[in-house]
Each structure stands twice: as C-alpha cells, then as structure tokens.
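Some notes on the structure that comes next.
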Amino acid sequence: MANNNISPFAHVFLKLMQGPVYEEDKAYWKDLLGWQTELSKYLNQVGLQLIINESDGFARIQQPEADDSSGDKPLPRLMRKTRLTYEATLLCIVLREALDEFDIQGNGTRLFMTQKEIKERLTLFFKERNNKSKLLKDLNKPINSLLNIGILKATREDAANKELHQYEVKRVIKALVNNEKLEEIKSKLKLHVNPVQQ
C-alpha cells in the first residue's frame, strides 16, 4: 500500500545516505538539484550538511565536527572516520594528482586508470627498490580500501591479467583530499618516502 506521507525527496535522501551522488546518475542528480533547499533544511535539522559540487559533478552528506556549544546532548557520529593505511594514503595522493593532471589536459570529465597505470605512478614515489616491491606486489589491499570508501569504482576486470583491471577515480576524492590536505599528507609522506628527483 502506498504511503502518501513519504517526502517527495526521500529517494534522493536515501541515495545520499548510501554515498555520494554523481552527475552521471541523471535522474537522481536532477531531483537533487530540484530539491536541494528542502534537502539541506531537513539535513540541517538532524545535524548534517548537504555538500553539492556542481563543477565536479557530485554531492554528498557531511557531518560537521562536534561543537562544545551544541548543548548537553552531543550528536553521535553517523559517519565513522576511516583511518587509511600508509599504502592507501599514498595511493590517494597518486590518484588525486592524476585527477588534477587529467583536468588540466581537458580530456573529459571521468578518469579511468588500469592497475598497471596506477603501479607506474606509484613507482615514481620510490627510489629504493626494496621499499616499493612490497606495495606493488600487493596493490590489491590499498585499492580495495579505496573501493570500499567510494574513491575508486571498478569498471572492468580482466581474469587473465590483473594489471588490466580498470578503475574510475571518483571526483569525491577532491572533497576528501582537498589541496590543503594534499600538501599536508605529501609533507608527512616525505618522512617515509624519497621521491624521485626530476
């Protein structure tokens, strides 16, 4: 039986609760833009924010950091912060920089990379051969970490050759690793890795 009390933007709200909504998901994107005022108002009432980045074509829900002035009933965390391993963090930096280069070249809006291409980019971060061998041998772990949090999306698998597995680098990485965060992480990584000198 139909429930007439359901909000007309409920489908967009539920989709956002599952993760970022992208412009290529045309039906949801159109409704999200149409209902953004109502969605923002509702989310604000429950301590959440709607972040829409039209230039990069994605929207997501964010929970602001708890404020001491928020009263005697602080809100529980809806979204747990994911602590990435060193390898996954390094992969984030490589992918974020690859996306920036892709945007500068202006070859489209969606960046696809094979596992081989990702490996090639990672090797530039290492001088010492013994440093890189462990990471490159087991690249599946950091890739799976980024698949789980929506930074990567598998778009093609090759059973015969893992290096030809293809992934899309999702633009939400720009929100999760902004320019300031990128520089901060890169400076920390310099303590662990010797970049190849150009």
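Per-structure values
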item: With all protein chains modelled, accessible area of Arg60 [1.4 Å, Å²]; result: 40 Å²
item: Exposure of Phe9 as accessible area (Å², to 10), given a probe of 1.4 Å and all protein chains; result: 30 Å²
item: Modelled FRET efficiency - R0 35 Å, Lys41 with Asn144, Cβ distances, 0.05 increments; result: 0.40
item: Accessible area expressed per residue, segment 9-62, with surrounding protein chains retained (probe 1.4 Å, Å²); result: 56 Å²
item: Relative contact order %, segment 9-62, counting alpha carbon pairs below 8 Å whose residues are six or more apart; result: 40 percent
item: Residues Tyr86 and Ala160, FRET efficiency given R0 of 25 Å [Cβ-Cβ distance, rounded to 0.05]; result: 0.25
item: Ratio of Rg to Rh over segment 9-62 (Cα coordinates, Kirkwood Rh, two decimals); result: 0.91
item: Residue-span extension gain [Lys116 to Asn179] - 0.36 nm each, minus C-alpha spacing; result: 20.1 nm
item: Carbon/sulfur fraction of accessible area - segment 9-62, other protein chains in place, 1.4 Å, %; result: 49 percent
item: Solvent-accessible area of Glu157 with every protein chain in place, 1.4 Å probe, in Å² to the nearest 10; result: 150 Å²
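The values are calculated or read from the model by the stated rules, or taken from the named source; none is laboratory data. Just so we're clear, the structure is a prediction, and the values are computed from it rather than from any experiment. When we count neighbours, we look across all protein chains shown, and the Cβ atoms used for this are built from the backbone with ideal geometry, even at glycine. To get the accessible areas, we keep the full protein, side chains included, count just its heavy atoms, and leave off ligands, DNA and RNA. Shrake-Rupley method; radii C 1.70, N 1.55, O 1.52, S 1.80 Å.
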